[in-house]
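Just below is one structure, and these are the notes that go with it.
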């Protein structure tokens, strides 16, 4: 039994559907966060008690009001609702998040048993509970009688079967969750009947600033990315900004952006224009901020696309402050500002030897109305940035103090700005002079910027998201490290990318005779990429490949991206065990199997499959080459996706470097190699899947912080 320390009371409506879907959700929450035990508390709602009111005329909180009051009164810690029942304007004092376990979103047609649409009489009766379903029914069945229907799922189906209606239209999610899919006669395409955004989604509501619920929310949201679009031409946006756009679910973008930038946004993503021109904002700043908060709480991956550089007169601080107040994670990708384009881009260089050693940037506008001071006194209050001054930092500080700058003025020295080993040291002018230049001595080789002024005491919050700003060392191959880094950022961690192995193709003279095999087993995305590249270079027809078996979703996805469909794959328990289980079910005694792998993959997997077929032949596609680094790395968590990476790490930095670190692995084989080195502080992902691995890590981090609160 687990040592459950905190009972977390979760309310929901007392209907069978509400109880079923809420129980499923809290089971998943308990699996991720072991420091709480969820207790489900049933409640009725005005919508349950009032069976007469047409839902099309009901109040916005018809199904949530009693649960809202129970949360606000402290009778329960949180409530789970169908997201489409939650009002757009949630009750004051409440906060919320959508849960990620989304069910089928379409609506469906249900008829009486053993009936088809062709069997229906003239003027048949259709039961609907919303205006959109009514409009759909009128358009598709113009001669039908459109009638209101009320009641829970079982009650509506009973009314249909009793002959009160000939057809009813409901959400597929409800029937799927109640194991009533057999009653569905037809799924209505999304293009024909667009569902509410929250259909098939569950929403967790809780009291504002609830410590435990706020921690839980960190598991279900993704980091908001602020991207500087650059100025004018789409080419002025950085590569990092383009990559963020390509992965987003929602993009809120300003005016004055290059339209071509928006082509990088996925076709399925929401594109929300929010205006913002000087003095004429088409969308008020308060509404923009609220949109960011709401879309983030829905679990979407958001890009806030700002013109130029978001930190230069871009209202970035206001939007970030709102996220920090709700403990929602974010990251910022700087952009090329108009300052750079108008000066460096035109030849009017702001720094030129013998002409100018620096420049001043400010705005004459002050908050609200009016003109701010731009005279000598106003300029003297501006921050000063020094390039190439680390070797004389103490002299710089002394000169500023002698010139009248307060000795208590904050100073920040930024080393390796923008790199994953960026470091910021903060001090004051007086401390810099008095320290005998210890900063210079400790970091003599690192490039540095020195910032003097009140802004030097400020900075973004780094302890955000489920991973709380932890530095996560990623040792996986270059082929998957970028995707892994994106997952780390989603959970509020900082990825430190140091691939420890490089996959290089083995130059085999001959390819296998694929016609000689019944099955092809592929156990990694890298193997898929290298195999397909080899086949293309040798002009091999993909249609000659035997049936393909994979070990899980990531490998299968790589195949599908190339237009190939796996013939067998595990539905869960990805990795060696899942592959072995599917092999038992699929292979027969006459099958000859070809397994493609790296030369470091030992024969264990092939040997375990052999009893279920005639033979297994290994074909070595690629080899693992160690990547070496000269410098030690600062990190909080290390992620190993293979035993090769473990061996490479220990060879370079010894086991001492991870003796007191959190270690995350995919699969037991990698964990076993760590244990052979007497390393046991390991979190093992239950599935060989990057997303699942980091969700497991995030759950452990959230659970630990909740335990600290109890």
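The values are calculated or read from the model by the stated rules, or taken from the named source; none is laboratory data. Worth saying up front: this structure is predicted, and the values here are computed from it rather than measured. Reconstructed Cβ throughout: ideal geometry from the backbone, glycine too, with neighbour counts over all protein chains shown.
Structure notes:
- Residue 314 satisfies every condition listed in (1) crowded, with 16+ Cβ neighbours inside 10 Å; (2) outside any strand (DSSP E or B); (3) touching a helix residue (DSSP H, G or I) at 6+ places or on another chain (Cβ under 8 Å) except (3).
- Complete set of residues in region 165-220 that are part of a strand (DSSP E or B) and buried (at least 21 other Cβ atoms within 10 Å of the Cβ): 167, 168, 169, 170, 171, 202, 203, 204, 205, 206
- Residue within region 49-63 that is surrounded by 20 or more Cβ atoms within 10 Å (Cβ to Cβ), touching a residue at least 24 places away in the same chain (Cβ under 8 Å) and in contact with a helix residue (DSSP H, G or I) (Cβ under 7 Å, 6 or more places away or on another chain) present: yes
- Taken over region 531-550, residues that are assigned to a helix (DSSP H, G or I) and either touching a helix residue (DSSP H, G or I) at 6+ places or on another chain (Cβ under 7 Å) or buried (at least 21 other Cβ atoms within 10 Å of the Cβ) (or both) amount to 4.
- For residue 433, the conditions (1) surrounded by 14 or more Cβ atoms within 10 Å (Cβ to Cβ); (2) within 30 Å of residue 635 (Cβ to Cβ); (3) at pLDDT below 85 all hold with the exception of (2).
- Set side by side, the residues 149, 157 differ, and just one is farther than 30 Å from residue 323 by Cβ and either in the same structural domain as residue 290 (by TED's automatic domain parsing) or in contact with a strand residue (DSSP E or B) (Cβ under 6 Å, 6 or more places away or on another chain) (or both), which is 149.
- Filtered by the rule that a residue be in contact with a helix residue (DSSP H, G or I) (Cβ under 7 Å, 6 or more places away or on another chain) and surrounded by 18 or more Cβ atoms within 10 Å (Cβ to Cβ), region 18-31 gives 21, 29.
- Candidates 299, 358 - the one that is crowded, with 18+ Cβ neighbours inside 10 Å, part of a loop (DSSP other than H, G, I, E, B) and out of contact with any helix residue (DSSP H, G or I) (no Cβ under 9 Å at 6 or more places or on another chain): 299
- Test: residue in region 564-571 that is out of contact with any strand residue (DSSP E or B) (no Cβ under 9 Å at 6 or more places or on another chain), without any contact (Cβ under 8 Å) to a residue 60 or more places away in the chain, surrounded by fewer than 20 Cβ atoms within 10 Å (Cβ to Cβ) and within 22 Å of residue 504 (Cβ to Cβ): no
- Qualifying residue in region 506-523 (condition: under 30 Å from the mean Cα position of the chain (by Cα), crowded, with 20+ Cβ neighbours inside 10 Å and either part of a loop (DSSP other than H, G, I, E, B) or outside the structural domain of residue 651 (by TED's automatic domain parsing) (or both)): yes
- Looking at region 633-710, the strands (runs of 3 or more DSSP E) lying wholly inside it that each contain 3 or more residues that are touching a helix residue (DSSP H, G or I) at 6+ places or on another chain (Cβ under 8 Å) and either touching a residue at least 40 places away in the same chain (Cβ under 8 Å) or over 22 Å from residue 579 (Cα atoms) (or both) sit at 637-640, 662-666.
- Single residue of region 138-154 satisfying the filter (under 17 Å from residue 111 (Cβ atoms) and assigned to a helix (DSSP H, G or I)) that is nearest to the chain's Cα centre (by Cα): 153
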